[in-house]
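This report refers to the structure that appears directly beneath it.
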Amino acid sequence: MPPHPESWLRVTPQGLFCEPGDFFIDPQRPVDRAVVTHGHADHARPGHAAVLATPATLAIMRARMGEAGAGTVQQAIRAGETLVQNGVAIRLVPAGHVLGSAQVVLDWQGARAVISGDYKRQRDTTCAPFEPVPCDVFVTEATFALPVFRHPPPEEEVAKLLKSLALFPERTHVVGCYALGKCQRLIRLLREAGWDAPIHLHGALARLCALYEELGVPLGPLAPATVANKAALQGAIVLAPPSAVQERWARRLAEPVVAVASGWMRVRQRARTRGVGLPLVISDHADWDDLNRTIDEVGAPEVWVTHGRDDALVHAMALRGIRGRALHLVGLGEEEEDAPVAAAEQGA
Ligand SMILES: [Zn+2]
Ligand SMILES: [Zn+2]
């Protein structure tokens, strides 16, 4: 009988460890061998000796933490390629989360585990779509694993932003969005909706936008958001990190309309306490329906939940005869959209 993944994939303080392969997946502390699912800071930590990831994830890691921080030895494997490490076959399959994001498919002695990292099923033209892979154990996130979280089509949310611009053509529309993934996806959605004017960027977003373009994701005309020139930004769209939209920086804009693009904007009270007049429910994580649909599609009899609202998901799976297990991995969900409480609103 093939060995149950429980016997060869262990939870350690650093994260998930594949014992026969001698490597960690998304380790939280520096290790000898890491497989990294994607470039968000809670998954891609600096200081590993060897890093295995997709070419785009490695490029993102280099851009965010420098050549040295991204791993002394960096090994790229492309989607679909298989690499064998101490008898464990490793394959990276698109996760649809951000550019370069991948699920880690591990085969050992006839058993298969799929570690999906963060993922979504909604359309996103900035990255390859999620591919379900049948497996014995599926490892999933649960960021939005409550029935209240149902993400609307992102096109509808972008239409709200454009409608507000038409209503208030003299006001600057500042949209809080995460630097990796959300920002570029939002730009592409705006282009598809016909917004071809320059989109202004807070300095913290410029670097990853340039990298996306280098990696083949065209974003159209972009310009720096220089708040000193208030008049030039009247009626413009300014993208900034979510924390910056509440700061003095944003208040210097011309009568700003404040928007934030996040799955958390489903919770109206959260938008209100953050002073967000225009909440846009756009998420790079699977919502309740897509989490459950994905679990059914991969057909695993057992599902491990890394972080997020694991109790609701484990309960929903039990009703369908799927064995759920909460891993309570520490460190995940502390960055980017995973974090229900952004640094700027802590204590609020
Ligand atoms: Zn992520
Ligand atoms: Zn994450």
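Where a number appears in this text, it was derived from the coordinates with a stated rule and is not lab data. Keep in mind it's a predicted model, so treat the numbers as computed, not measured. Cβ: placed from backbone, ideal geometry, glycine included. Neighbour counts: every protein chain shown.
A few comments on the model shown:
- Length-normalised contact order for the chain - Cα pairs under 8 Å, 6+ apart - percent: 16
- What separates the Cα centres of region 15-83 and region 221-263 is a distance of 34 Å.
- With respect to the chain, whose longest principal axis is taken over its alpha-carbon atoms, helix 288-298 is tilted by about 30°.
- Descending semi-axes in whole angstrom, ellipsoid equivalent of region 46-85, from the Cα gyration tensor: 19, 12, 5
- Placing a pseudo-label 7 Å from each Cα along the Cα-to-Cβ vector at Glu19 and Glu170 gives an inter-label distance of 7.0 nm.
- Overall, the chain carries a charge dipole of about 960 debye about its Cα centre when +1 sits on the Cβ of Lys and Arg and -1 on the Cβ of Asp and Glu, all other atoms neutral.
- Ordering 142-155, 93-106 by mean Cβ neighbour count within 10 Å, with the highest value first, yields 93-106, 142-155.
- Once the Cα-Cα distance is subtracted from the 0.36 nm per residue extended length, the Glu131 to Glu156 segment shows a gain of 6.5 nm.
- Subtracting the Cα-Cα distance of Arg123 and Asp311 from 0.36 nm times their residue separation leaves 64.9 nm of extension gain.
- Acute angle (nearest 10 degrees) that the helix 154-167 long axis makes with the longest principal axis of the chain, alpha-carbon atoms: 10
- Prolate/oblate/rounded call for region 145-217, Cα gyration tensor, a/c under 1.5 rounded: oblate
- For the pair Val84 and Asp32, the difference between a 0.36 nm per residue extended length and the Cα-Cα distance amounts to 17.0 nm.
- Helix-only CD estimate at 222 nm, as mean residue ellipticity for the chain, using -39500 (n - 2.57) per DSSP H run (n ≥ 4): -7000 deg cm²/dmol
- Convex hull volume of region 199-304 per residue (C-alpha atoms, cubic angstrom): 152
- Average Cα contact separation per residue, region 200-281, under 8 Å, 6 or more apart, as relative contact order %: 26
- Gyration tensor (alpha-carbon) shape descriptor, region 14-105, a/c threshold 1.5: oblate
- Cα shape, region 48-187, gyration tensor, a/c 1.5 rule: oblate
- Sorted on the mean count of surrounding Cβ atoms within 10 Å across their residues, most packed first, peptides 18-31, 188-201, 72-85 read 18-31, 188-201, 72-85.
- Among 135-141, 303-309, 324-330, sorting by the average number of other beta carbon atoms lying within 10 angstrom of each residue, highest first, gives 135-141, 303-309, 324-330.
- Value of relative contact order over region 1-89, rounded to a whole percent, pairs C-alpha under 8 Å and six or more apart: 20
- Debye log10 I(q)/I(0) at q = 0.15 Å⁻¹ for the chain, Cα point scatterers: -1.25
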